[in-house]
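Novice: Dropping the structure in here first, questions after.
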Amino acid sequence: MMMSTIKLTVAQATMEYLKKQYTERDGLEQVLFAGCFGIFGHGNLAGFGQALQQTPDFRYYLVRNEQAAVHTAVGYAKMKNRLSTFACTSSIGPGATNMLTAAAGATINRLPVLLMPGDIFAQRTVAPVLQQLESPMSQDISVNDCFKPVSKYWDRINRPEQLITALPEAMRVLTSPADAGAVTLCIPQDVQAEAYDFPVEMFEKRIWHVPRPRPDKQALARAVEWIRSSKKPMIIAGGGVIYSEAEEALKELVHLSGIPVGETFAGKGSLPYDDPHNLGATGATGTEGANAFSTAADLVIGIGTRYSDFTTASKTAFQNREVKFININITEFDAHKHSGLALTGDARAILEELREDLKDYKVEDSYRKKAAEYNLSWDEKVTEAYKAEGKDLPSQAEVLGAVNDFMDPKDVVLCASGSAPGDLHKLWRTRNSKGFHLEYGYSCMGYEISGGLGAKMACPDREIYVILGDGGYLMMPSEIVTSLQEGYKLTIILIDNNGFASIGGLSKSIGGEGFGTAYKYRDKQTGQLDGEPLQVDLAKNAESLGARVYKASDVASFNEALKAARKEEQTTVIHIVTVPERKMAGYGYAWWDVPVAEVSKSAAVQKARENYVQQKKKQRYFF
Ligand SMILES: Cc1ncc(C[n+]2csc(CCOP(=O)(O)OP(=O)(O)O)c2C)c(N)n1
Ligand SMILES: [Mg+2]
């Protein structure tokens, strides 16, 4: 058979192919890749660099750090409900391994991103090339093998024609809601530049239809039976509700049935905060109501949740001896967790079917009423936490409250690490389902600014409020520069408490007295990091990168800064110093399993251990 072909380098063929890939769900078609992030080096310059230069309709974005590039792609994909993402190209060696951290974050959060690290020469004659890892036991190993455990699909293209079969596999995984994560195509630097006669059909437009799989009929019937016979059901809404755009279907089922809802980090916003059925945050950072309901529940209906330790309060959240689980999840692996009745499929499709089958089902009025009461009483606690305490420095909760009160309902708050995620989970009044963007699967310091950039690229008409600690800022402020280069505005709320308030608090809870968590000079006498506080001017640092900067000293000046920042057209940082002490307590079984030393000379550690042993007893297996 004669095929018409076109002679392209492997890198050129890759770009030509990627720009022709689309997704479609519910009739909405969009590009699978909005472009390519990257940093060039000898490992990709003549290959992908050259190809991108001659493919201007597949836009190249220069970033400052390869890890950041992957975070940005992930932030974008999260806003796009996994239907669109970016490709990321790197050189070999350190450029490639810089992407590893964020690749793990993508896979853990089930968010798609295509990684194309350069790889060592396939021809091998020049080995070891600059930055090559040598192995005495094999010539078939490079640092890119490290991507295998963090990738949902991994391949190395040693011959040009391998691209023809590898690319569709990569696309299959990237567009699968069940498989989504990091996909890695390692392309040796010589192979990238090698030409081949590729079949022209390969470069035709391809639409990847994203299905909404319906549940198994028998499993659904069994689930309906379980729900009907439950006295104390509770829904746990995870990120899958939002990715599947099942918010309306959830609301309808919940309003009809009266089943109350607790929300995970990724699922927060599934219902608006003031829906009387919404108990708010659930688990280790849960509200009083959510944790009271989960403790007593005889049936937990998990929707699109991975049941992370934060959600299950390290397996202590569900204390009813009879508790059973129904898990609605696109991923079979998640659907079977906690020995649950697996409803494998699309959240929206399944909720719609459940709603039909449960039309005449309702929880008892008193049960519904109790949830509504918790919803209201929690909101009073939120009001209380937002209130200024009149101390010299504001608390973090006051700052978050000011942002929440100020911003438009359609705006987005974005955060990933430190003490802010827990406070946000508890205290944020979420008014739209894409308005609460927490990367709390990997909780990666450094995601905040770069992920924020991705969110802004996905939704340029929304203000993105990045909530960031001083520790997180120092880890990766670099993408402020990229946001300025590309004209995407972020409003970065930089909460400065001179160190790790979160881990400092955690350290105290395990008897560690905050060891090694505050930014202090080394003391000559003690030899420890317990000297005077370090003097680091992060505001000046942000200014030097080109951001507009406002320094706030209290909540009043912070509010003024918020107003001024809204008028700015470029990335703006509001710097505020807060007290490191926390205002919010834990509720009910709000426990997180962090092991405490079994033996120690410290009385504080011994005491913490005693408490730990008690807490451990509440952990459960589910059969
Ligand atoms: C890359 C990375 N390293 C380490 C951690 C562990 N960690 C979680 S929060 C935190 C401190 C964050 O400090 P900061 O951003 O100042 O926030 P704060 O705790 O003060 O609220 C650390 C070290 C992490 N989440 N990510
Ligand atoms: Mg801090």
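The values are calculated or read from the model by the stated rules, or taken from the named source; none is laboratory data. This structure is a prediction, so every number in the text was calculated from the model and none was measured. Note that we place each Cβ from the backbone using ideal geometry, even for glycine, and neighbour counts take in every protein chain shown. Heavy atoms of the whole protein, side chains included, go into the accessibility calculation; ligands, DNA and RNA do not. Shrake-Rupley method; radii C 1.70, N 1.55, O 1.52, S 1.80 Å.
Novice: What residue, among those in region 476-503 that are part of a helix (DSSP H, G or I) and buried (at least 24 other Cβ atoms within 10 Å of the Cβ), is nearest to ligand 2 (Cβ to nearest atom)?
Specialist: Per the criteria, the residue is 501.
Novice: When region 270-288 is examined, which residues are found to be crowded, with 24+ Cβ neighbours inside 10 Å and touching a Lys or Arg at 6+ places or on another chain (Cβ under 8 Å)?
Specialist: 271, 280, 281, 285, 286, 287
Listed here are the residues, each with its yes/no results for (1) in contact with a strand residue (DSSP E or B) (Cβ under 6 Å, 6 or more places away or on another chain); (2) surrounded by fewer than 16 Cβ atoms within 10 Å (Cβ to Cβ); (3) over 29 Å from residue 515 (Cβ atoms); (4) of a type outside the set (Gly, Ala, Ser).
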| site | (1), (2), (3), (4) |
| --- | --- |
| 528 | no, yes, no, yes |
| 531 | yes, yes, no, no |
| 540 | no, yes, yes, yes |
| 579 | no, no, no, yes |
| 597 | no, yes, no, no |
| 605 | no, no, no, yes |
| 614 | no, yes, no, yes |
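Novice: Separate question: Within region 269-285, can you find the residues that are part of a loop (DSSP other than H, G, I, E, B) and of a type in the set (S, T, N, Q)?
Specialist: 270, 282, 285 - these are the residues of region 269-285 that are part of a loop (DSSP other than H, G, I, E, B) and of a type in the set (S, T, N, Q).
Novice: Scan region 450-475 and report the pairs whose first residue is in a strand (DSSP E or B) and whose second residue is open to solvent by 10 Å² or more (accessible area, probe 1.4 Å) and of a type in the set (Lys, Arg), with Cβ atoms within less than 6 Å and a gap of 6+ or a chain change.
Specialist: Listed by first residue and then by second, the contacts come to 464/456.
Novice: In this structure, is residue 565 assigned to a helix (DSSP H, G or I), under 27 Å from the mean Cα position of the chain (by Cα), within 15 Å of ligand 2 (Cβ to nearest atom) and farther than 30 Å from residue 317 by Cα?
Specialist: No.
Novice: Quick test for you: out of 32, 52, pick the one residue that is in contact with a Phe, Trp or Tyr (Cβ under 9 Å, 6 or more places away or on another chain), under 21 Å from residue 96 (Cα atoms) and crowded, with 22+ Cβ neighbours inside 10 Å.
Specialist: Exactly one residue qualifies, and that residue is 52.
Novice: Same structure again: Is it the case, given these coordinates, that residue 524 is among the basic types (Lys, Arg), within 13 Å of ligand 1 (Cβ to nearest atom) and either farther than 15 Å from residue 549 by Cα or open to solvent by less than 30 Å² (accessible area, probe 1.4 Å) (or both)?
Specialist: Criteria not met by residue 524.
Novice: Sticking with this structure for a sec: Any residue in region 598-619 that is in contact (Cβ under 8 Å) with a residue 60 or more places away in the chain sitting within a Cβ distance under 7 Å of a residue that is part of a helix (DSSP H, G or I) and open to solvent by 60 Å² or more (accessible area, probe 1.4 Å)? List the pairs, counting only those 6 or more apart or interchain.
Specialist: These pairs meet every condition: 600/606; 608/509.
Novice: In region 311-340, how many residues are open to solvent by 10 Å² or more (accessible area, probe 1.4 Å), of a type in the set (A, V, I, L, M, F, W, C) and out of contact with any Pro (no Cβ under 9 Å at 6 or more places or on another chain)?
Specialist: The total comes to 2.
Novice: Which of the residues spanning region 544-562 are of a type outside the set (Val, Ile, Thr), in a helix (DSSP H, G or I) and surrounded by 16 or more Cβ atoms within 10 Å (Cβ to Cβ)?
Specialist: 558, 561, 562
Novice: For region 480-508, which residues satisfy the criterion of being in contact with a Gly (Cβ under 9 Å, 6 or more places away or on another chain), polar (S, T, N, Q) and within 12 Å of ligand 1 (Cβ to nearest atom)?
Specialist: Across region 480-508, the qualifying residues are 497, 502, 507.
Novice: Still on this model: Starting from region 260-272, keep only residues that are under 16 Å from residue 80 (Cα atoms) and of a type in the set (A, V, I, L, M, F, W, C), then list their pairs with residues that are in a loop (DSSP other than H, G, I, E, B) and open to solvent by less than 10 Å² (accessible area, probe 1.4 Å) whose Cβ atoms are within a distance under 7 Å, requiring at least 6 positions of separation or different chains.
Specialist: 266/238
Novice: Give me the pairs, please: first residue somewhere in region 204-232 and open to solvent by less than 100 Å² (accessible area, probe 1.4 Å), second residue anywhere and among the small types (Gly, Ala, Ser) and in a helix (DSSP H, G or I), beta-carbon distance under 6 Å, and either six or more positions apart or on two chains.
Specialist: Correct list of pairs: 212/349; 232/296.
Novice: Just to verify a result, which residue in region 441-470, among those that are surrounded by fewer than 24 Cβ atoms within 10 Å (Cβ to Cβ) and within 10 Å of ligand 1 (Cβ to nearest atom), is farthest from residue 73 (Cα to Cα)?
Specialist: Per the stated criteria, the residue is 470.
Novice: Okay, moving on. Please tell me if residue 418 is within 14 Å of ligand 1 (Cβ to nearest atom) and part of a helix (DSSP H, G or I).
Specialist: no
Novice: Please determine whether any residue of region 388-402 is away from ligand 1 (no atom under 16 Å from the Cβ), in contact with a strand residue (DSSP E or B) (Cβ under 8 Å, 6 or more places away or on another chain) and either open to solvent by 30 Å² or more (accessible area, probe 1.4 Å) or at pLDDT 95 or above (or both).
Specialist: Among the residues of region 388-402, not one is away from ligand 1 (no atom under 16 Å from the Cβ), in contact with a strand residue (DSSP E or B) (Cβ under 8 Å, 6 or more places away or on another chain) and either open to solvent by 30 Å² or more (accessible area, probe 1.4 Å) or at pLDDT 95 or above (or both), which makes the answer no.
Novice: Of all helices (runs of 4 or more DSSP H) completely enclosed by region 90-197, which ones contain at least 1 residues that are among the aliphatic types (A, V, I, L, M), touching a Phe, Trp or Tyr at 6+ places or on another chain (Cβ under 7 Å) and buried (at least 18 other Cβ atoms within 10 Å of the Cβ)?
Specialist: In region 90-197, 100-108, 162-174 are the helices (runs of 4 or more DSSP H) which contain 1 or more residues that are among the aliphatic types (A, V, I, L, M), touching a Phe, Trp or Tyr at 6+ places or on another chain (Cβ under 7 Å) and buried (at least 18 other Cβ atoms within 10 Å of the Cβ).
Novice: Look through 15, 2 and report the one residue that is open to solvent by 70 Å² or more (accessible area, probe 1.4 Å) and out of contact with any Leu (no Cβ under 6 Å at 6 or more places or on another chain).
Specialist: Every option except 2 fails the conditions.
Novice: Here are some residues: 429, 462. Which one is away from ligand 2 (no atom under 16 Å from the Cβ), touching a Pro at 6+ places or on another chain (Cβ under 9 Å) and either of a type in the set (Phe, Trp, Tyr) or at pLDDT 95 or above (or both)?
Specialist: Testing whether each residue is away from ligand 2 (no atom under 16 Å from the Cβ), touching a Pro at 6+ places or on another chain (Cβ under 9 Å) and either of a type in the set (Phe, Trp, Tyr) or at pLDDT 95 or above (or both) leaves just 429.
Novice: Right, next: For region 504-528, enumerate the residues that are touching a residue at least 40 places away in the same chain (Cβ under 8 Å), away from ligand 2 (no atom under 16 Å from the Cβ) and at negative phi.
Specialist: 509, 510, 512 - these are the residues of region 504-528 that are touching a residue at least 40 places away in the same chain (Cβ under 8 Å), away from ligand 2 (no atom under 16 Å from the Cβ) and at negative phi.
Novice: Related question: If I filter region 362-375 for residues that are of a type in the set (Ser, Thr, Tyr), closer than 15 Å to residue 280 by Cα and open to solvent by less than 10 Å² (accessible area, probe 1.4 Å), do I get at least one hit?
Specialist: So far as region 362-375 goes, no, none of its residues is of a type in the set (Ser, Thr, Tyr), closer than 15 Å to residue 280 by Cα and open to solvent by less than 10 Å² (accessible area, probe 1.4 Å).
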